[in-house]
1. Does the range B:196-210 include one or more residues that are in contact with a Cys (Cβ under 6 Å, 6 or more places away or on another chain) and either aliphatic (A, V, I, L, M) or farther than 28 Å from residue A:327 by Cβ (or both)?
2. Out of the residues in the range B:328-365 that are in contact with a helix residue (DSSP H, G or I) (Cβ under 6 Å, 6 or more places away or on another chain) and polar (S, T, N, Q), which is farthest from residue B:33 (Cα to Cα)?
3. Scan the range B:209-265 for residues that are of a type in the set (Phe, Trp, Tyr) and free of Cβ contacts under 8 Å to residues at least 40 places away in the same chain and jot them down.
4. Any residue that is within 14 Å of chain B (Cβ to nearest Cβ), within 10 Å of residue A:322 (Cβ to Cβ), buried (at least 23 other Cβ atoms within 10 Å of the Cβ) and of a type outside the set (Phe, Trp, Tyr) - is there at least one of those in the range A:282-295?
5. Would you call residue A:77 within 14 Å of chain B (Cβ to nearest Cβ), modelled with pLDDT of 95 or more and under 27 Å from residue A:27 (Cα atoms)?
6. Among the residues of the range A:320-352, how many are open to solvent by 10 Å² or more (accessible area, probe 1.4 Å) and under 26 Å from residue A:295 (Cβ atoms)?
7. Please name all residue pairs, on different chains or six or more residues apart, with Cβ atoms under 9 Å, provided the first residue is in the range A:63-77 and is open to solvent by less than 20 Å² (accessible area, probe 1.4 Å) and the second residue is acidic (Asp, Glu) and in a helix (DSSP H, G or I).
Number of protein chains: 2
Amino acid sequence: MNFKITQKDSRSSARTGLFETTHGTIQTPAFMPVGTLGTVKTFTPQELTFLDTEIILGNTYHLYLKPGDDIVKDAGGLHLFSGWTGPMLTDSGGFQVFSLARLNKISDEGVEFQSHIDGSKHFFTPEKSMSIQRNLGADIIMAFDECPPGKSDKKTVEKSVNRTTMWAKFCLKYLKENPSHFEWNQMFFPIVQGNIYPELRKNSIDELVSLASCGMAIGGLAVGEDKSAMLEMVSLCDEHLPVDQPRYLMGVGKPVDIVNAVSMGMDMFDCVIPTRNGRNGHIFTDEGVINIKNSKYKSDFTPIDETSGSPFGTQFSKAYVRHLFNVNEILGVRIASTLNIAFFMKLMKNIRSKIESGEFGDWSKSFLEKWGKERSVDISEKNID
Amino acid sequence: MNFKITQKDSRSSARTGLFETTHGTIQTPAFMPVGTLGTVKTFTPQELTFLDTEIILGNTYHLYLKPGDDIVKDAGGLHLFSGWTGPMLTDSGGFQVFSLARLNKISDEGVEFQSHIDGSKHFFTPEKSMSIQRNLGADIIMAFDECPPGKSDKKTVEKSVNRTTMWAKFCLKYLKENPSHFEWNQMFFPIVQGNIYPELRKNSIDELVSLASCGMAIGGLAVGEDKSAMLEMVSLCDEHLPVDQPRYLMGVGKPVDIVNAVSMGMDMFDCVIPTRNGRNGHIFTDEGVINIKNSKYKSDFTPIDETSGSPFGTQFSKAYVRHLFNVNEILGVRIASTLNIAFFMKLMKNIRSKIESGEFGDWSKSFLEKWGKERSVDISEKNID
């Protein structure tokens, strides 16, 4: 087992752990910045490491289209291609073909879709997704799942749950018959579906548990459903997922959602919020989210965030960064993205340290009180960046 | 005198020197990256320093429009506003109002123009330019000059030379009556005009020499004239400009032009080529300029430039950077801009060391032979970035 729980919270399901991969060990709960196209937007790998990033995510759908997974394979895998030497996870492309591409036809065999870039036709099967992820060579790879729209009826969701189980088996079979191209193992996570229907979530877990040995993911949440329904589902998953494997809550999220989900035993998260919101001038600081484009910062020469985990927090003033956004300078986007990744990484570090010191309950309560009021950040509906 | 010549080449007018400012000493010949709007595009100040940048340039015209020189003054000057703590030079806005804005009316008093951003009307006088440059607080500030179009007839150019002289006097009067807002001196450079007319260049120098005490600039070149005409003018300026003051050849340029101009006694240069061409995927390497967007690099996993002055040269492959450009990732632009600034800084370092060791003649000959063949880089016609 590559996962070791190091501390359990006495009053919630929160836990800290160490998750070992060939490219390094991840401290959980962990946040994974999204590197859609082989780069976390604006960052060099060294800059991410400097901000305490331990694992990043890549997107199968995007990298298959550009530059092509064959090229990434020839480069020696996505680690060598991109220069990121730490742990890496790729999603399966499932979420993207259902949310981003134009769907042509879905069958038990797979999904025919048209590229969002040029309309070209492609066909993803569970085996194809595994083949691409073998070429990309991430340490953790995801099952190819069917992701019905957020507001689907129960019958539709039930069908997708069954198909997702079937596809997970096809994925595993392919992986057994086609070993890693590189000198490291790739760990496989099945993805639990079932939308907001408790029985279906439960069924999905029951069916997938036997296919899971390294970790399990929860998909189909944070796609527009009520916040309470989402947390109810996470709690249900907490109850039924194996305790000794890492649990990855896909596409989540906002700081409050992360803190809530950690208390429900979730270990891994990814979201485009830090980088995408950064590009729009929304900067996470200890005082809350500020929209740096606001004219009230025009002559505000105070540092953006004196308690930031990035030196940029004290090095640059609000007025300067507002100016950079106002004239579309790349440095502005870089500073905002950096401060946001630093914020999320500091948040995870805090979470871990509060669990370890036994203070997570009180800390999370006051954090949720403070951040529950924040309304300026929307959940990102598409898990790409 | 803030300028000290440290070595003279025996076979040309090339020389090395040290040019002292309150914010640090510049080794000459020096190349100044262009930070139009208070940032050299994509870079933090620390990254520029890491690449051996000693002085950067800011643009009066742009900073007056956004964020406004009053805001920069309130921040404590452009150094504090931008975080660049080294020597800094601002141009006067003369070149930009004549090349970038829409000109409404030119008189002996000044220039009425409309902003290239929103069409708003503004009036620049020599005094106004000095007032803005006092607010920006650069170590070196430039005279407000009239810049007629590149192919102007002699009569037009003669008129502009006379007006430029008159305006330089107005500038100096203003500066005497209105001292620096900050705790450092601002050194004033008059700008020699005269296009490609030798007598007019000579007249311009004769008139301006008495107004110069810290350095002189040559304007109105690299604006589309023949290369031979340009070099002839530089040579003429070499003959007539004071030897003991730094000579700043504005808007130059390409590596071959810089090497030629150094041999004609020029000490300071600025150009947008490294950053602008970088944004277009043109990367300067020791093997020549490569267009990284070219499909021939699709599977070329060799480092971009193993002898680069930036670690990016070996860290990233051609195929990866091509991919980044292909999908419009900011990191691609960052890598290309970084490699180009590193190239120019290494070039200047080489030039200085070859002058110091007495090998400049042989070195420059072989450099010009190699780089004279490069056709893929165009002279940038507008000195903004």
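1. If we filter the range B:196-210 for residues that are in contact with a Cys (Cβ under 6 Å, 6 or more places away or on another chain), which is where we start, we get none.
Within the range B:196-210, not a single residue is in contact with a Cys (Cβ under 6 Å, 6 or more places away or on another chain) and either aliphatic (A, V, I, L, M) or farther than 28 Å from residue A:327 by Cβ (or both).
2. Here the answer is B:364.
3. Initial filter on the range B:209-265 (of a type in the set (Phe, Trp, Tyr)): B:248.
Within the range B:209-265, no residue meets the criteria.
4. Yes, there is a match, as at least one residue in the range A:282-295 is within 14 Å of chain B (Cβ to nearest Cβ), within 10 Å of residue A:322 (Cβ to Cβ), buried (at least 23 other Cβ atoms within 10 Å of the Cβ) and of a type outside the set (Phe, Trp, Tyr).
5. Values: within 14 Å of chain B (Cβ to nearest Cβ): yes; modelled with pLDDT of 95 or more: yes; under 27 Å from residue A:27 (Cα atoms): yes.
Against the criterion (within 14 Å of chain B (Cβ to nearest Cβ), modelled with pLDDT of 95 or more and under 27 Å from residue A:27 (Cα atoms)), residue A:77 qualifies.
6. Matching residues across the range A:320-352 total 9.
7. A:63/A:69
This table checks each residue for (1) at pLDDT below 95; (2) over 23 Å from residue B:108 (Cβ atoms); (3) part of a loop (DSSP other than H, G, I, E, B).
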residue	(1), (2), (3)
B:122	no, no, no
B:129	no, no, no
B:135	no, yes, no
B:159	no, no, no
B:163	no, no, no
B:173	no, no, no
B:181	no, yes, yes
B:184	no, yes, yes
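The values are calculated or read from the model by the stated rules, or taken from the named source; none is laboratory data. Given the structure is predicted, the values throughout are model-derived calculations rather than measurements. Cβ coordinates were reconstructed from backbone atoms using ideal geometry, including for glycine residues, and neighbour counts include every protein chain displayed. With ligands, DNA and RNA removed, areas are computed over all heavy atoms of the protein, side chains included. Shrake-Rupley method; radii C 1.70, N 1.55, O 1.52, S 1.80 Å.
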